[in-house]
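The values are calculated or read from the model by the stated rules, or taken from the named source; none is laboratory data. A quick note: this is a predicted structure, and the numbers were derived from the prediction, not measured. Neighbour counts run over all protein chains shown; Cβ positions are idealised from the backbone, glycine included. Calculation scope for accessible area: heavy atoms of the full protein, side chains included, ligands and nucleic acids excluded. Shrake-Rupley method; radii C 1.70, N 1.55, O 1.52, S 1.80 Å.
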Amino acid sequence: MTFKSASLPQAMLQILLHKGTERPFTGYYTDWNQPGTYLCRLCGLALFRSQSKFHSGCGWPSFDEDIPNTVLRRLDSDGHRTEIICARCEGHLGHIFQGEQITIKNIRHCVNSLSLDFVTDLTVTDTEEAIFAAGCFWGVEYLFKNLSGVLRVEVGYTGGNKDNPSYEEVCRGDTGHVEAVRVIFDPAKLSFKKLAMYFFEIHNFSQIEGQGPDIGGQYRSVAFYYNDQQKKILEELIQELRHKSYSVVTAVQPVTVFWRAEEYHQHYYDKTGGQPYCHRHTSRF
């Protein structure tokens, strides 16, 4: 379990840590209807199943039931409303209301979208997260999302010096960001070590400042870590590869804010029918 505050944009931190509220009808999950599980964005704990989500008309995602023992209630600082928080990390989720007669259960968890993650798995109870950069994020996403135990892959930008950069800005190379993927996985089915081994097996970790025909700092190989355990695993895997006579230029760095890329980059090959042109799986361990 990892708290993810170092990788979260300020808008998320303002809600999760400082009890802010996003504007109504603006949240990503307000009208989201896919089957799956909603997670705490700060620690990855499973909080709500899609079966409990309903349209209340309030402008925020609404649920009439939480997963047992995952959501805590306490009196809000205004002295009137009841706040709901993640039972593990105490991240702010929103508020709970009763007696509105909207559903049979007569309860509404009113939750900020920015407090949530979503995965298309209806049974997962806990998740972990990793961030990797290995060249063009289209191909990296394509291979990671097909790995057993991976629940979600999101492409974006990280490691740079500009808030919310655009694809064009990152491609110019003057923001310091790399194209990266954020991987949510089920630790009951896939360990971070196995995930990191796969990262080293799907790209050329010996190429400097690029990947295949894609040349530039935004395509460099970087493995980011959330904690000392992840760092230790990454460093040990690099040493193992070097003992096998591989040249490894992959940088190991602490996570920084992960900026989700533009929507047209998400699941790019699923949308276009293409295939990765410089990524493939090669066993190395």
Self-check item: Filtered residues of the range 101-123 (kept if surrounded by fewer than 21 Cβ atoms within 10 Å (Cβ to Cβ) and over 14 Å from the mean Cα position of the chain (by Cα))
Solution: Q101, I102, T103, I104, K105, N106, I107, C110, D121, L122, T123
Quiz item: Taking the stated definitions as given, is Y246 open to solvent by 70 Å² or more (accessible area, probe 1.4 Å), over 18 Å from L143 (Cβ atoms), out of contact with any strand residue (DSSP E or B) (no Cβ under 6 Å at 6 or more places or on another chain) and assigned to a loop (DSSP other than H, G, I, E, B)?
Solution: yes
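Conditions (1) under 20 Å from E154 (Cα atoms); (2) surrounded by fewer than 19 Cβ atoms within 10 Å (Cβ to Cβ), marked per residue:
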{"site": "S5", "(1), (2)": "yes, yes"}
{"site": "Q10", "(1), (2)": "yes, yes"}
{"site": "E22", "(1), (2)": "no, no"}
{"site": "A46", "(1), (2)": "yes, no"}
{"site": "P68", "(1), (2)": "no, yes"}
{"site": "T82", "(1), (2)": "no, yes"}
Practice problem: Taking the residues in the range 107-117 that are out of contact with any His (no Cβ under 6 Å at 6 or more places or on another chain) and part of a strand (DSSP E or B) as candidates, determine which candidate is farthest from M12 (Cα to Cα). | Solution: I107
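Every residue in the range 118-139 that is assigned to a strand (DSSP E or B), closer than 20 Å to V255 by Cβ and not small (G, A, S), please.
If the condition is that a residue be assigned to a strand (DSSP E or B), closer than 20 Å to V255 by Cβ and not small (G, A, S), then V119, E128, E129, I131, F132 are the ones that fit.
Please enumerate the residues belonging to the range 84-100 that are open to solvent by 30 Å² or more (accessible area, probe 1.4 Å) and either touching a residue at least 24 places away in the same chain (Cβ under 8 Å) or part of a loop (DSSP other than H, G, I, E, B) (or both).
Matches in the range 84-100: A87, R88, E90, G99, E100.
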Quiz item: Quick one: in the range 48-65, which of the residues that are assigned to a loop (DSSP other than H, G, I, E, B) and open to solvent by less than 40 Å² (accessible area, probe 1.4 Å) is nearest to I107 (Cα to Cα)?
Solution: D64
